[in-house]
Each structure stands twice: as C-alpha cells, then as structure tokens.
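Undergrad: Sharing a structure with you now.
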Amino acid sequence: MTEQLQEHFDATISRDQRIEPRDWMPDGYRKTLIRQIAQHAHSEIIGMQPEGEWITRAPSLRRKAILFAKVQDEAGHGLYLYSAAETLGADRADLTNRLIEGRQKYSSIFNYPTMSFADVGVIGWFVDGAAICNQVPLCRSSYGPYARAMVRICKEESFHQRQGFELLMTMMRGTEAQREMVQDAVNRWWWPSLMMFGPPDDSSPNSAQSMAWKIKRHSNDELRQRFVDMTVPQADKLGVTLPDPELRWNAERGHHDFGTPDWDELMRVIKGDGPCNDQRMERRRSAHEEGAWVREAATAHAAKQAARAEKGAVA
Amino acid sequence: MSDDHVYMTLAEGHEDDTRWAYGTGFEDPLHGVDTTVPEGIDAGELAALCVALADDALVSAQRLAEWITRAPELEEEVALANIGLDLLGQARLLYSRAGQVDGTGRDEDAYAYVRDAGDFHNVRLAELPNGDFAFAIVRLLVLSSWRLAHFEQLASHPDPVLAAIATKGVKELAYHRQYAAEWAVRLGDGTQESHRRMRRAQEQVAPYLGELFTACDVRDEVVTVLRQVTEAAGLPMPVYRPLPGSGRDGEHTEHLAPLLAELQGVARAHPEATW
C-alpha cells in the first residue's frame, strides 16, 4: 500500500505537480516542510524587531507610514506561513513555543543591530532582496499551500525592497552625513546578507533531499551568486561601495567573483552568539508571556459564550 | 516571468517614485475636492481644529507603534498596526490642510517634527504611556468612540477638505471602535484577572474623560456607547472627577515631551537632510 502511495507521490513530484494537504506524503517530506515553513514564519516575526525599532523614530511622516506598513506586512507573512504549516498538522502555539525555547531557528540576519535610519533602507535593499532571491523559486515549490503563500509574500517583499532602495537613493542625494550613514549601513549588512543563503553547498546537509523533493529549487551557492550579480550594478547606480576587495567581474564565468563570507561567524550567530540573539528572543518571549492573560481571557470568554448559547438553545 | 525579474528591475523606473510610495490601492480622499477656504470660515479656527485633531492622531499612532512586536498575539500586531496607520494617515491629511489654511504653507513634517510639547494640542489621554493591553483597549475604546462621534459631525463641516477627511475617517474609526469594543467585552467577561485589569484601566482612563467633552459636544453619544459596551462586558461605568487643565490648551502630562523626543530625534539631528 505504502509503496503505491510512494510511487504516486514520486510521480506527482516528477511531473512538477503540487502536493496538497490531504495527499499522502512521506514523513520526511512533511517534517522537512514543517521545519522550513516554521523557520520562515519565525524569521518574519523576529524580523519585525530590527526595523520595528525605527517606526517611532522615522524622520518624516511618509517614511513612518511606509515602515509601519512594512512591519505590519511581516506580521501578516508570519500569519500566512504559520497557517501553511498548520495544513501539515503543525500547531501555531506549539511552533511558537519551539521558537521561544530555542528549539527552532530563525534567519541569522535578524541577530544584527540597526544602528541608524539608513539601516532601514539597506535592510529593504539587501535583506528583502536576498529574501526575494530565495523565495521567488519557492513560488514553484512542490507543496501547494507553501507555494501559494510565497506568491503573495514575494509581491509584498518586492514592494518593500523598492521602498528600501528608494529611501537610499533619496539619502544619497541628501547631505554628506546621510551618504556616510548609507555607506556605513552597507558595510555592516553586506556580509551578513550573503550569509542569508546558508552555508556553501558542500557543507549544507539538508539541501540535496530538499532539491530532490522540489521543496527547494536552487542551491545556496547558485542563489548567492545570483544575488551578487544583481546587486553590483545597483550599488553602482546608488553610488556606494560593496565592502569586498575581491569583488570583480569575471568575463570567463559570466559572473562576479567575490570573497568568502566568514562562515565561522555564521555558525556562531546560528548557535546563539550573534550581537542581538538574546535581545530578539527576550522580546519575543516577554511579548508572549505578557500576553498570556489576554489569550486566556479570550478563550474563557469564548467558552462562556458557547455555554450561554447552549443554555439559551435548551431554554 | 523569470525568477529574478523583480530584483533585476529594481534600479529602473525611479522617475515614477511617488506612484507606489504610499502603497498600492491608495485612494486620494481629496481627489476632486476644491482646496480653497470657503468664504465665511475663520481660517485661524479651522487651522487650529485641524492641528488639534492631527495631534491626537499622531500621538495615538506613536503609542500604537510602541506596541509593535509586543502584542499578545499576531492578529493583534496586525490590528494595532492597522489602527496606528489609519490614524497616522488622518494626521498627515489634517496637518497638510492646516498648512494650506493658516497661510504658512507648512508641510506635514513641519508640524510633526519642529514643534515642542507646549505647542501640541492633543488631549492628554492620547499621550499617557502604554500600560497593559487592558489599558490599550479602554483608551482605544474611549478615543475611537469620541473621535468617531466628532468626525461624524465634521463630515458636514463647511470646509470641504475637512469634511472629506472626516468622511474617510468615519469608516476607519468605526472599525477601531468595533475592535476595541469586542476586546473590552472579551476581557471584561473572560477571567478574574482580565476583569481586574479592565477595572484598573477604567480607573486610569476616567480622570481624562472630562477633557474630551470640553473639546466638542458629543458627550451624550459617547457616554451611551461606553455604557453599552461596559454593560456587555460586565463592567461598571466608572465615576470620575475630571482633572483640571486641558491638552487642547497646550497643558500636558510629563509623558509628552519624551514621546516627542523619540519621534523627532532623528529629524532634528539632521535639519538639512531630505528623507
């Protein structure tokens, strides 16, 4: 029986068709997806923090509205993604606990601090840009609900990225101090952004299976190269320098050569030793704990309502 | 469309920035509205009214922004941000109108970033620090009920611009009030703990109620709404003694200046900058 189901599943994958929630799927496929979607959801929620810090300080009302809306979109993305994970049998409260207890990860990029308002623009340009490179292929991921969530998320991310880039263009046309803020932010975010694509292919343990299942469509190194190739001309247009002395066009390869990110740093940040890991987790944990009485009250009220309705129906 | 289409086109097409910077689907509420001040309207009074209503909205939006990443549930993150964004939008339109009317030609940022606390005219309830979620709900219920009643009147104001802003705001505020009322009922009825917190929040908010009703004549309407909601929530109507003074006259609590310091800090540190 299982053999037949497995054959059917394999055939669906090889025809590039979608797996839907009620279809049979191997346990490994389900677990891998839950882990990946949950980490993605956690990243959206934790990712609200570095930029969210600047909503109250945004230097114009227009920038305040743009940033406020962006951070709100991230909460919305977290919600769709937790819902997509729930179609696989996961439970949002359980996933939240796993995050808070440190049993599931989120993107290491959000463990770096935001030092000036230029960081808001650079996060839009690099971090949303890298997210788009990673996520656009996921719109063709084999799992239907995840792929469909990604379509909407990618549209919003690309909007955020344009807003980030436009902020930087405006700042580069402004004062010398503003141009310095932009360059400083570029210097700080460039390498962590390259790390967003994950470890190099030869040391990425889960990638091969995910590629075979068509959960993932491109390797970490392919995506990283694509990001570098696309970002270089944009940096020129903006008038900033990317902080990599080895960065140059290689006509033979038809790609840019670039330096090696500090993989030890990535490992340290993933293990919890980044500049802001404790702060990010503490904020999420305290929001969750301080909200417990609210969630309990909502549940208690719903139960009372149901009991009153039942009593009313009997009477 | 190739996988990287979106990213590739990033650096192109910047001549048309303004089209998307406000967000997709943004309808201009002032489209086709004549912005000249009609005869017989006191421009000074109209400008002062716009600034006061904008200050209420900006200060409230700032407090709501402080909730972001601290809300009890993700749905509440989204909802509180939504309400904050609506109010920020109202503030921007009202400041712009004030600048047209008072003859100074100031833009929205000149009002938001350059004035000190004594020049702000928001009611003091808006500036009080956030407190817990019960306080957020009680404050929002009061302020949204009051502002909704006020905006319903202003929808027929002789200034067509203020009337258009109010008409747009009525739809938004009706949602804010609905959201607050639903939570007030859940929390009042929910558990002993939530009920206790709601009672405490009511006591904290009550002294600031009187000030609202000197600003405009909607007391009966607002009290009727509050009475309905508190009754459904199993809460008493608090008896209060109004605090003397009024934010409308520039008299504030000690909490407004730090709020403004945070709001204005970056902008004031770079007076020559463009954002």
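The values are calculated or read from the model by the stated rules, or taken from the named source; none is laboratory data. Since we're looking at a predicted model, the values are computed, not measured. With ideal geometry, Cβ positions are generated from the backbone for all residues, glycine too; neighbour counts draw on all protein chains shown. Just the protein is used for accessible areas: all its heavy atoms, side chains included, with ligands, DNA and RNA removed. Shrake-Rupley method; radii C 1.70, N 1.55, O 1.52, S 1.80 Å.
Undergrad: Expressed as an acute angle from 0 to 90° and rounded to the nearest 10, what is the orientation of the C-alpha long axis of helix A:144-172 relative to the principal long axis of chain A?
TA: It is inclined by approximately 30 degrees.
Undergrad: Shape call for region B:42-269 from the C-alpha gyration tensor, a ≥ b ≥ c root eigenvalues: rounded (a/c under 1.5), prolate (a/b greater than b/c) or oblate?
TA: Cα axes put region B:42-269 in the prolate bin.
Undergrad: Work from the charge dipole of region B:42-269 (Cβ charges, +1 for Lys and Arg, -1 for Asp and Glu, about the Cα centre) and give the residue of B:F151, B:A79, B:L58 farthest towards its positive end.
TA: About the Cα centre, the residue reaching furthest to the positive side is B:A79.
Undergrad: Would you mind giving the average projected area, over all directions, of the Cα convex hull of chain A in nm² with one decimal?
TA: If I average the Cα hull's projected area over directions, I get 21.2 nm².
Undergrad: Sequence-distant or interchain residues sharing an amide H contact under 5 Å with A:Y143, placed H: which?
TA: A:I19
Undergrad: Which helices pass in chain B if a helix is a full DSSP H run, must span at least 24 angstrom along its long axis by Cα, and must have mean Kyte-Doolittle hydropathy not below -0.5?
TA: B:43-67, B:74-101, B:133-154, B:160-189
Undergrad: Summarise the partner chain shielding of B:90-102 as one whole number: the mean count of Cβ atoms from other chains within 10 Å of each residue's Cβ.
TA: Average neighbour count from other chains, rounded to a whole number: 1.
Undergrad: Does anyone have the angle between helix A:292-314 and the longest principal axis of chain A? Alpha-carbon axes, 0 to 90°, nearest 10?
TA: The two axes meet at around 30 degrees.
Undergrad: May I ask for the distance between the Cα centers of region A:117-161 and region A:251-313, given as a whole number of Å?
TA: Cα centroid of region A:117-161 versus Cα centroid of region A:251-313: 18 Å apart.
Undergrad: Enter the mean number of other protein chain beta carbons within 10 Å of the beta carbon of each residue in B:267-275, as an integer.
TA: So the per-residue partner count for this stretch is 6.
Undergrad: Shielding of B:186-198 by partners, i.e. mean partner chain Cβ atoms within 10 Å per residue?
TA: So the per-residue partner count for this stretch is 5.
Undergrad: Compute the distribution of all C-alpha to C-alpha distances in the protein assembly as shown, in bins of 10 Å from 0, and list the percent of pairs in each, rounded to whole numbers.
TA: P(r) over the protein assembly as shown, rounded to whole percents: 3, 15, 24, 24, 18, 11, 4, 1, 0.
Undergrad: Next question. Post the alpha-carbon centroid distance, region A:178-231 to region B:159-209, in whole angstrom.
TA: Comparing the Cα centres of region A:178-231 and region B:159-209, I get a distance of 45 Å.
Undergrad: Net charge within 9 Å of B:L93 by Cβ-Cβ distance, Lys/Arg positive one each and Asp/Glu negative one each, not counting B:L93 itself?
TA: +2
Undergrad: Let me check something: with ligands and nucleic acids excluded, how do B:H255, A:H218, B:H176 order by accessible area (1.4 Å probe), largest to smallest?
TA: B:H255, A:H218, B:H176
Undergrad: Here's a follow-up. Given the peptides A:174-180, B:188-194, A:51-57, arrange them by the average over their residues of other C-beta atoms within 10 Å, most packed first.
TA: A:51-57, B:188-194, A:174-180
Undergrad: Which residues' amide hydrogens lie under 5 Å from the amide hydrogen of A:H255, considering only partners 5 or more residues apart or on another chain, with H built in the peptide plane?
TA: Here A:N250 satisfy the definition.
Undergrad: A plus B alone minus the pair: what accessible area, both sides summed, probe 1.4 Å, in Å² to 100?
TA: 5900
Undergrad: On to the next question. Helix A:277-290 against the longest principal axis of chain A: what's the angle in degrees, Cα atoms only, rounded to the nearest 10?
TA: 30
Undergrad: How much net charge surrounds B:A201 when only the other residues with a Cβ under 12 Å from the Cβ of B:A201 are counted, with Lys and Arg +1 and Asp and Glu -1?
TA: Around B:A201, the surrounding residues sum to +3.
Undergrad: Okay, next question. Tell me the per residue accessible area of the protein assembly as shown using a 1.4 Å probe; a whole number in Å² is fine.
TA: In whole numbers, the protein assembly as shown has 43 Å² accessible per residue.
Undergrad: Do any of A:K105/A:K155; A:K70/A:K155; A:K155/A:K271; A:K31/A:K105; A:K31/A:K70; A:K155/B:K171 go past 22 Å between their Cα atoms, and which?
TA: A:K105/A:K155; A:K155/A:K271; A:K31/A:K70; A:K155/B:K171
Undergrad: Output wanted: per-residue J couplings in Hz (rounded whole) for region A:8-16, from phi through Karplus 6.51 cos²θ - 1.76 cosθ + 1.60, θ = phi - 60°, x for Gly and Pro.
TA: Values, residue by residue: 4, 4, 4, 5, 4, 4, 6, 7, 6 Hz.
Undergrad: Could you put A:S141, A:S203 in order of accessible surface area, largest first, with the 1.4 Å probe and the full protein assembly present?
TA: The ranking, largest first, comes out as A:S203, A:S141.
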